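The values are calculated or read from the model by the stated rules, or taken from the named source; none is laboratory data. Since the model is a prediction, treat every value here as computed from it, not as a measurement. Virtual Cβ from ideal backbone geometry, glycine too; neighbours counted across all protein chains shown. In case anyone asks, the SASA skips ligands and DNA or RNA and just uses the protein heavy atoms, side chains included. Shrake-Rupley method; radii C 1.70, N 1.55, O 1.52, S 1.80 Å.
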Amino acid sequence: MENLIATQSPEHTAQLGAFRAEVIINSPGRVNLIGEHTDYNNGFVMPTAIDKTIQFHLKKNGTTSQCRINSLNYNTSYTYDLHKATTDDAEWTHYIIGVTEEIKKLGKTLAGFDCMMYSNLPMGAGISSSAALECGLAKGLNELFDLGLTDLEIIKLSQMAEHNYVGTKCGIMDQFASVMSKENHVIQLDCESLDYKLLPFAIEPYKLLLLNTNVSHSLSTSEYNVRRAECEAGVSLLQKWYPEISSLRDVTLEQLQKHQDAFEPVVFKRCEYVLEENQRVEAAAKALKEENLEEFGKLMYGSHEGLQHKYEVSCKELDFLTDFSKNHDAVLGCRMMGGGFGGCTINLIHEDEILTYIEAAEKAYRKEFNIKLTAFTAMPANGGKRIQ
């Protein structure tokens, strides 16, 4: 199995040691087992943080407003003034600006700081490096300047940083999972109330395997906001008959189907998928509690089918890998994960067959697309925490 996860070089270790950080934060990426594109519709999701992180090394630098950020992975740095922040530079800097600006909006006082970042998160794999970046920096600054922010405030300000400074109207799932997860558990999260349950993830001898398509189709960002608008259009139409509803969360399948003729077919499909996916999350939680992994796997396949045909955010590479998995008994379930149009499939697979399966999938995928597949396992881990 090729590992697409960076390992810390002796040079990086030396740089981090010489930096003499006052605060060190581990901020994890996440996977979502089921419940895709439901979070911004106030629905249900089942994510968890994973054992791959961005590490933040922070210290005060004695200035009132100069901030210096250094990414060791990309050998790049960024300097800005807290009082004159702009989003004129590379996109990754927008997340940084967004976090400090949202902290300021809460009436908290920051001063100049230096930050070194090191990541072993696989890039472009759909495991939300953006939320790990936002939440990790927010948590680090909270500790460094003793701001007194709660975990929920860190989650919400990180989400707003992405909305207001990056331009992605994301739901709250990624940030919530990055902060609130617990090792060996998954989160059953109600994205409307933010009520959640930690469900034991007892899947031995199975594991979660992510297969990265290594493609990223350009539709991913634009179509994300289109899907959100389509769902909002469906809600606006349904409010003619049900004025009390405010999101698809408040709608039943029966209500939707009753008024199907009034819908544009595309908008109807989008709404139907979301309502069905919410039901799958509830059924998946029941299957986990009953340790019925076969049923859980069937629900994963059902999720992919909906994402492929009704929500239409999959792509031929993701569909190929999902179809390929159905011919292998070691895989109980598989689906695309994340925003879509590239990224990973998440597979529930018997641990004894992982290497054999990866070899077969790599061979078939290269033959079909002439693209090298990469793979890694990811298991539930704790949310972001201070390690120094």
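For the pair ASP329 and ASP261, a Förster radius of 45 Å applied to the C-beta separation gives a FRET efficiency near 0.55, rounded to the nearest 0.05. Here the average projected area of the convex hull drawn through the C-alpha atoms of the stretch 129-245 stands at 10.7 nm². Distance between the C-alpha centres of the stretch 340-388 and the stretch 157-183: 24 Å, rounded to the whole angstrom.
Counting heavy atoms of the protein chains alone, ASP174 has an accessible area of about 30 Å² for a 1.4 Å probe.
A Förster radius of 35 Å combined with the Cβ-Cβ distance from ALA18 to ASN184 puts the calculated FRET efficiency at roughly 0.45.
Using only the Cα atoms of the stretch 224-313, each taken as one equal point scatterer with no solvent, compute I(q) by the Debye sum, divide by I(0), and report log10 of the ratio at q = 0.11, 0.15, 0.18, 0.22 Å⁻¹. Once normalised to I(0) and log-transformed, intensities are -0.34, -0.60, -0.80, -1.04.
Between GLY62, GLY29, GLY343, the GNM of the chain built on Cα springs shorter than 10 angstrom shows GLY62 fluctuating the most. Determine, at each q value in 0.12, 0.14, 0.19 (inverse angstroms), the log₁₀ of I(q)/I(0) that the Debye formula gives when each Cα of the stretch 62-173 is one equal point scatterer. Here log10 of I(q) over I(0) equals -0.38, -0.53, -1.02. Counting protein heavy atoms only, the chain has 46 percent of its accessible area on carbon and sulfur, 1.4 angstrom probe.
Each semi-axis of the equivalent ellipsoid for the stretch 288-349 is √(5λ) with λ an eigenvalue of the Cα gyration tensor; in descending order they amount to 20, 13, 9 Å. Each Lys or Arg adds one and each Asp or Glu takes one away; over the other residues whose Cβ falls under 10 Å from the Cβ of SER178, this sums to 0. The label-point distance for GLU192 and GLU282, in a model that sets each label 7 Å from Cα toward Cβ, rounds to 1.1 nm.
Treating the Cα atoms of the stretch 4-68 as identical point scatterers in vacuum, please give the log10 of the normalised Debye intensity I(q)/I(0) at q = 0.12, 0.23 Å⁻¹, two decimals. Treating every Cα as an identical point scatterer, log10 I(q)/I(0) equals -0.55, -1.02. Rolled with a 1.4 Å probe across the full set of protein chains, the surface gives PHE341 an accessible area near 20 Å².
Pairwise Cα distances in the chain exceed 39 Å in 18 percent of cases. Express in whole angstrom the spacing between the alpha-carbon centres of the stretch 89-107 and the stretch 222-254. Going from one Cα centre to the other spans 30 Å. Of all aspartates and glutamates in the structure, those lying under 14 Å Cα to Cα from LYS108, and not within fewer than 8 positions of it along the same chain, are GLU143, ASP146, GLU153.
Modelled spin labels at GLU291 and THR109, positioned 7 Å past Cα toward Cβ, are 5.6 nm from each other.
Evaluated with a Cβ-only charge set (Lys, Arg +1; Asp, Glu -1), the stretch 250-303 carries a dipole of roughly 80 debye about its Cα centre, given to the nearest 20.
Counting heavy atoms of the protein chains only and a 1.4 Å probe, report the per residue accessible area for the chain as a whole number of Å². Walk me through the intermediate numbers first.
On the way: 16300 Å² over 388 residues.
In whole numbers, the chain has 42 Å² accessible per residue.
Hey, in the GNM for the chain with a 10 angstrom Cα cutoff, which one of SER247, SER193, SER77 fluctuates hardest? Highest fluctuation of the listed residues: SER193.
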